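The structure under discussion appears below in the form of structure tokens.
The values are calculated or read from the model by the stated rules, or taken from the named source; none is laboratory data. Computed from a predicted structure; not experimentally measured. Heads up, the Cβs are rebuilt from the backbone with ideal geometry, glycines too, and the neighbour counts pull from every protein chain shown.
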Amino acid sequence: MSRSSLLFLSSVALALAAGAALESTARAQALVPLLNAPARTPMPAPSWRNTSWLNADHPLTLSELKGRVVLLNFWVFTCYNCTNTVPSLVDFDRRYRGQGLTVIGIHTPEFPPYAGEHDKGNVARALRKYGIDYPIAQDNDSKTWELYNIRYWPSFVLIDKRGNIRYQGYGEFHLNDGSYHTWDERIRELLAE
């Protein structure tokens, strides 16, 4: 087979593989898009069991938060997209905590322990750096990540006062952009119920 034929066949194979990868990604995004519609039937939120917490005097439980709206943020301090979203979450916490919102960061490391994301001291330094005062659960074993079927950093789960998941999504957003306003409307909607 000539060199040009091999080059052509390799190019076709690469294009097909890239197309399949894009199609797979598109299917995954269609399942939980950033701004998906509300669940038709509210689904009870599963109870997390994290034991290591920062910015909390005890491990928080879903059952003790009944009557409050809960926004879970699955993140890791080494994720650029996650840290770009933090100012929005800090803003939500400051604006709505007194009205019944609890923002909880679920810090789920992406890399093995030697990379430093599992270290509580490193997480605490990141919280100070980004001005995060809301509770953070360490999810070093990814149990809560798996419990909520999370696939991307950052991801968000909005739970109503009765403990039902009402909205889920993923992806970076910024103060006062369209996605920020959508999440803000969702929070206000659930606080008003």
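Please go through the range 45-83 and pick out each residue that is of a type in the set (F, W, Y) and either over 18 Å from Y148 (Cα atoms) or in a strand (DSSP E or B) (or both).
W53, F74, W75, F77, Y80
Looking at G67 and the list (1) at pLDDT below 95; (2) out of contact with any strand residue (DSSP E or B) (no Cβ under 9 Å at 6 or more places or on another chain), which single condition is not satisfied?
(1)
What number of residues within the range 55-97 satisfy the criterion of being of a type in the set (V, I, T) and touching a Cys at 6+ places or on another chain (Cβ under 8 Å)? It would help to see each step written out before you state the result.
As a first pass, look at the range 55-97 and keep what is of a type in the set (V, I, T): 61, 69-70, 76, 78, 83, 85-86, 90.
Applying the additional criterion that residues be touching a Cys at 6+ places or on another chain (Cβ under 8 Å) yields 76.
The qualifying residues number 1.
Does Y114 satisfy the criteria of being modelled with pLDDT under 95, part of a helix (DSSP H, G or I) and either more than 23 Å from L190 (Cβ to Cβ) or assigned by TED's automatic domain parsing to the domain that holds G169 (or both)?
Taking the combined requirement at face value, the residue satisfies it.
Filter the range 149-159 for residues that are in a loop (DSSP other than H, G, I, E, B) and buried (at least 20 other Cβ atoms within 10 Å of the Cβ); which is farthest from the chain's Cα centre (by Cα)? Please lay out each step first, then the result.
Going through the range 149-159, the residues in a loop (DSSP other than H, G, I, E, B) turn out to be 149-154.
With buried (at least 20 other Cβ atoms within 10 Å of the Cβ) added as a condition, the list becomes 150, 153-154.
Values: I150: 7, W153: 6, P154: 4 Å.
Step by step, filter the range 149-159, then rank; the result is I150.
If the requirement is being within 24 Å of I187 (Cα to Cα), free of Cβ contacts under 8 Å to residues at least 40 places away in the same chain and not acidic (D, E), which of these qualifies: R68, R95?
The unique qualifying residue is R95.
Just one of D119, D91 is under 20 Å from N176 (Cα atoms) and acidic (D, E); which is it? Working first, answer last.
Details: D119 fails: under 20 Å from N176 (Cα atoms).
The match here is D91.
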